[in-house]
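The values are calculated or read from the model by the stated rules, or taken from the named source; none is laboratory data. For clarity, every value in this text was computed on a predicted model and none was experimentally measured. Every residue, glycine among them, receives a Cβ derived from its backbone with ideal geometry; neighbour counts consider all protein chains shown.
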Amino acid sequence: MRMPRDLFLEAVKGGLSAEVPVFPRDLTLGLDITGAATTEVFGPPYDPRASAAGILALQEVVGHDAVVGCIFGCMVTGFGVELGIPDKGVPYPKDAPFRNISLLDSASPDSVRDSMLSGMRESYRMVRSKRSDLAVVMNLAGPVTNGGNLRNMEALLMDMISDPDTAHRVMDFSVETIISAMDYIGADLADALFLASATDNPDLLGDGMYTEYCIPALKRICSAAKDMGMPSVFHPHGKFDGGSSDILDATVGAGIDCFQFSEENDGPSIIDRIGEKCSLMGGPDVMTTLLNGTREEIVSDTTGFLEDFQDRAYIMSCSCSLHRGFPIDNLSLMTSTAHAFRR
């Protein structure tokens, strides 16, 4: 039997095998298995043991092939911003460190390498050492998404419209922090880079600003990942089929190895446009199918994706990340359905 890590990496890099790997991107859901409060992980200080325990506990129950290396929070604490940490909820930044843009002048991108990121790296090490058979995926924010966390998303959008010089400064800094964090966690502990990019979104930015600000930043990050020997997965939100197909071409042309489409995109249309240019990731909608669907609906929807993608390099995932409170039995059903499928 093939190791899950090998199966995942083959698919990300464009290979096709009889089995379809599964990567449900768990960011806090594993803590529902261990029962740890979110505050037990994030402290401060960040607790890598509680983090790794949650990641591995969910995998033991669900059986997926690839995991993230840690329970993840926004990369802002190194720049002086605290996280809000609900006991049973999802961490969130209390402010944006560069809402006052003058503070960017004296800031260093390497400040992202704070005690929290150090704890996250240790969590990656623990996950890797305990389960070397699994693929470990480095989950970081995408360039505009990270820029919005650093500057404040509304302020960054206004910069893009009325002050492009400032917007480009913020985006350059965003890219530099992502590359610094990526290099710090390291290719020795992660097999692939995943860029979580909810606001790298042509529906939000418009095609013009997406092309001007997101695409060049994405090229730099993918190039750095390639230099480290890691394939890159890009997961923007927004519509990339139909009228935005030119934007899809530009996105794939930025050097990504795998494109994860979000909800409301038509899988076959994405396939037709991308062809063999990169691998694909996607699957049932988190809210409409996996959260609220019946068992029959989950199996039917999962099987539909598997059949649509049976001739393509493909990783089964759900439409977005998973957090505390999500029904784990439904996730297990999606995973077992995918694992039973053979091309």
How many residues of the stretch 104-120 are surrounded by 14 or more Cβ atoms within 10 Å (Cβ to Cβ) and in contact with a Pro (Cβ under 8 Å, 6 or more places away or on another chain)? The answer is 4
When (1) among the charged types (D, E, K, R); (2) over 16 Å from the mean Cα position of the chain (by Cα); (3) surrounded by 23 or more Cβ atoms within 10 Å (Cβ to Cβ) are applied to residue 200, the one that fails is (2)
In the stretch 66-99, residues that are free of Cβ contacts under 8 Å to residues at least 24 places away in the same chain, in contact with a Lys or Arg (Cβ under 8 Å, 6 or more places away or on another chain) and closer than 16 Å to residue 38 by Cα total 2
Is it fair to say residue 126 is surrounded by 18 or more Cβ atoms within 10 Å (Cβ to Cβ), of a type outside the set (D, E, K, R) and under 27 Å from residue 325 (Cβ atoms)?
yes
Across the stretch 100-126, the tally of residues that are assigned to a loop (DSSP other than H, G, I, E, B) and of a type outside the set (A, V, I, L, M, F, W, C) stands at 4
Next on the checklist: Considering only the stretch 230-240, I want to know if a residue exists there that is in contact with a helix residue (DSSP H, G or I) (Cβ under 7 Å, 6 or more places away or on another chain), over 24 Å from residue 304 (Cα atoms), among the aliphatic types (A, V, I, L, M) and in contact (Cβ under 8 Å) with a residue 24 or more places away in the chain.
Outcome noted: no
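In the set 36, 11, 57, 18, which member is surrounded by 24 or more Cβ atoms within 10 Å (Cβ to Cβ), among the small types (Gly, Ala, Ser) and over 25 Å from residue 96 (Cα atoms)?
Just one listed residue meets the conditions, 11.
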Those residues of the stretch 146-174 which are among the hydroxyl-bearing types (Ser, Thr, Tyr) and under 17 Å from residue 78 (Cα atoms) amount to 174
Considering the stretch 263-299, residues that are among the polar types (S, T, N, Q) and under 24 Å from residue 340 (Cα atoms), and then whichever is nearest to the chain's Cα centre (by Cα), we arrive at 279
The stretch 132-185: helices (runs of 4 or more DSSP H) wholly inside it with 2 or more residues that are within 30 Å of residue 59 (Cα to Cα) and either among the hydrophobic types (A, V, I, L, M, F, W, C) or at pLDDT 95 or above (or both) are 143-151, 164-185
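Please work out which residue is nearest to residue 231 (Cα to Cα), limiting yourself to the stretch 135-169 and to residues that are charged (D, E, K, R) and out of contact with any helix residue (DSSP H, G or I) (no Cβ under 6 Å at 6 or more places or on another chain).
Among those that are charged (D, E, K, R) and out of contact with any helix residue (DSSP H, G or I) (no Cβ under 6 Å at 6 or more places or on another chain), it is 169.
Of the residues 283, 325, which is of a type in the set (Gly, Ala, Ser) and touching a residue at least 60 places away in the same chain (Cβ under 8 Å)?
Going through 283, 325 in turn, just one is of a type in the set (Gly, Ala, Ser) and touching a residue at least 60 places away in the same chain (Cβ under 8 Å): 325.
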Within the stretch 181-194, restricting to residues that are touching a residue at least 60 places away in the same chain (Cβ under 8 Å) and surrounded by 17 or more Cβ atoms within 10 Å (Cβ to Cβ), the one that is nearest to residue 240 (Cα to Cα) is 194
Note on the stretch 69-101: residues β-branched (Val, Ile, Thr), within 13 Å of residue 44 (Cα to Cα) and surrounded by fewer than 22 Cβ atoms within 10 Å (Cβ to Cβ) are 81, 85
